[in-house]
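Working notes, beginning with the structure itself.
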Amino acid sequence: MSGLKKHIYEEKNGLHYTLNGDYYLPDLKLPEEHRPIGKYGRMHREYLREVHPARLNTLTLTGELWTYLADLNEQAQKRLDTIIEQMKAAEGGHRRIKEYLSDGMGAALQ
């Protein structure tokens, strides 16, 4: 056991390994994502947790969860902005929009 190297590099797959007990484990690093997931990303994460736990696990294990949720939040926010602009144009004023926003749906937009 003492003859084993602490760290090795496997040229076939390009991965570095570290000795942990009797096994070499790959030194894997997940990509870093710095964008916030926001309200809609958090809501979707909770939905995945409750309804599609296998999909949540897959996204988590592949390191794609945060990027997926950040993209989803940006899409939802753009869609909400579009809907609000359409409502403003249809109503011709801000009165009903302000009432709608005061109900909490778009408080972050004010």
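The values are calculated or read from the model by the stated rules, or taken from the named source; none is laboratory data. All values derive from a computational prediction rather than experimental measurement. Cβ coordinates were reconstructed from backbone atoms using ideal geometry, including for glycine residues, and neighbour counts include every protein chain displayed.
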State all residues of region 1-30 that are surrounded by 10 or more Cβ atoms within 10 Å (Cβ to Cβ) and hydroxyl-bearing (Ser, Thr, Tyr); if no residue qualifies, say none. Tyr9, Tyr17, Thr18, Tyr24
Between a first residue in region 1-30 that is basic (Lys, Arg) and a second residue that is modelled with pLDDT of 85 or more, which pairs have beta carbons less than 8 Å apart while being 6 or more apart in sequence or on different chains? Lys5/Leu19; Lys6/Thr18; Lys6/Leu19
Just to be sure, is Tyr47 under 23 Å from Lys29 (Cα atoms), out of contact with any His (no Cβ under 8 Å at 6 or more places or on another chain), modelled with pLDDT of 95 or more and in the same structural domain as Ser102 (by TED's automatic domain parsing)? no
